[in-house]
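Undergrad: Quick one: the structure is below, questions incoming.
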Amino acid sequence: MCDEKVNRCECINKTFEQLKEFPDFETAQAKTGCGLECEGCVPYLKLMFASGETAFDIEDERLSSYQ
Ligand code: FES
């Protein structure tokens with residue numbers, strides 16, 4: 001069983017909780033570089049700013065709206 005949640009940008013090693021301090025995705029990216037390396041966290045980051053949540057299922061069904 002895999003119950004691991006996606007809760008950080010691995011590339012810059014910052015949690016979504018930390019990145020949520022910024023007002024929006026663009027500002028967080030400009031200030032920290034999150035989402036610029038592998039880009040794997042980008043849909044999760046966008047969903048985080050939209051939903052306010054900071055941990056997601058790897059296959060969260062809402063992700064398709066935030067590619
Ligand atoms: S996990 Fe965020 S850019 Fe790689």
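Undergrad: Could I have the simple spin-label model distance between ASN7 and GLN67, label points 7 Å from Cα toward Cβ, reported in nm to one decimal?
TA: 2.9 nm
Undergrad: OK, next. Sort 34-45, 15-26 for me by packing, meaning the mean count of neighbouring Cβ atoms within 10 Å per residue, highest on top.
TA: 34-45, 15-26
Undergrad: Using only the Cα atoms, work out Rg/Rh for the chain, with Rh taken as the Kirkwood radius, to two decimals. Please list the in-between numbers first.
TA: Working: Rg = 10.9 Å, Rh = 11.8 Å.
Using Cα coordinates only, the ratio equals 0.93.
Undergrad: Where a Cα-Cα gap under 24 Å defines reach, which lysines qualify for LYS31, not counting those fewer than 8 residues away within the same chain?
TA: Partners within reach: LYS14, LYS20, LYS46.
Undergrad: Leaving out ligands and nucleic acids, note down the accessible area per residue over the chain with a 1.4 angstrom probe, in whole Å².
TA: Here the per-residue accessible area is 66 Å².
Undergrad: With all protein chains present, how much of the accessible area of region 5-58 (probe radius 1.4 Å) comes from carbon and sulfur, to the nearest whole percent?
TA: Result for region 5-58: 45 percent of the exposed heavy-atom area is carbon or sulfur.
The values are calculated or read from the model by the stated rules, or taken from the named source; none is laboratory data. Computed from a prediction, not measured in an experiment: that's the story for all the values here. Glycine also receives a Cβ, built like all others from the backbone with ideal geometry; neighbour counts cover every protein chain displayed. Just so you know, the surface numbers come from the protein's heavy atoms only, side chains and all, with ligands and any DNA or RNA stripped out. Shrake-Rupley method; radii C 1.70, N 1.55, O 1.52, S 1.80 Å.
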